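The values are calculated or read from the model by the stated rules, or taken from the named source; none is laboratory data. From a predicted model like this one, the values you see are computed outputs, not experimental measurements. Ideal geometry is used to build each Cβ from the backbone, glycine not excepted, and the neighbour counts take in all protein chains shown. SASA here: full protein model, heavy atoms, side chains in, ligands and nucleic acids out. Shrake-Rupley method; radii C 1.70, N 1.55, O 1.52, S 1.80 Å.
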Amino acid sequence: MVEVRYFAAIADAVGKPSERLDLPSGATIGDLRSTLARTYGPKLEPMLKVCAYLIGDELTRDATTVLTPRVDVLPPFAGG
């Protein structure tokens, strides 16, 4: 099980702040994106591609990064 926490626009798009997903051991960010696109529709995929993913202490966009028990999905934030 992976706890996925969503923030800002991605939380609005999926309609919740977090959920638990049953993903296999060794699943990657790419696997997570595919699962979310299947669950919430293909229109979510472009948003997921520009999101950053907090895996442990590492912020990454690398689709080959292996997931940890908790993943934060962070869309680009505007600011200055």
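Return, ordered by residue number, the residues of region 40-76 whose backbone nitrogen is under 12 Å from a label point located 7 Å along Cα→Cβ of Lys16. Flagged as within label range: 40. Of the chymotrypsin sites (Phe, Trp or Tyr not before Pro) in the chain, the ones in a loop by DSSP (not H, G, I, E or B) with at most 12 other beta carbons within 10 Å are Phe77. Note on the chain: semi-axes of the ellipsoid equivalent to its C-alpha gyration tensor, largest first and rounded to whole Å, are 18, 15, 12.
Solvent exposure of the chain amounts to 59 Å² per residue of accessible area, where only protein heavy atoms count and the probe is 1.4 Å.
In the chain, the DSSP beta bridges split such that about 75 percent are antiparallel, to the nearest 5. Placing R0 at 22 angstrom, the Cβ-Cβ distance between Glu45 and Glu3 gives a FRET efficiency of 0.55 after rounding to 0.05.
Distant-in-sequence amide contacts of Ile55, defined by a placed amide H-H separation under 5 Å and a gap of 5 or more residues or a different chain, comprise Thr60.
Local charge for Ala8 was computed over the other residues whose Cβ lies under 15 Å away, with Lys and Arg +1 and Asp and Glu -1, and equals 0. Solvent-accessible area of the chain (1.4 angstrom probe, protein heavy atoms only): carbon and sulfur portion equals 54 percent.
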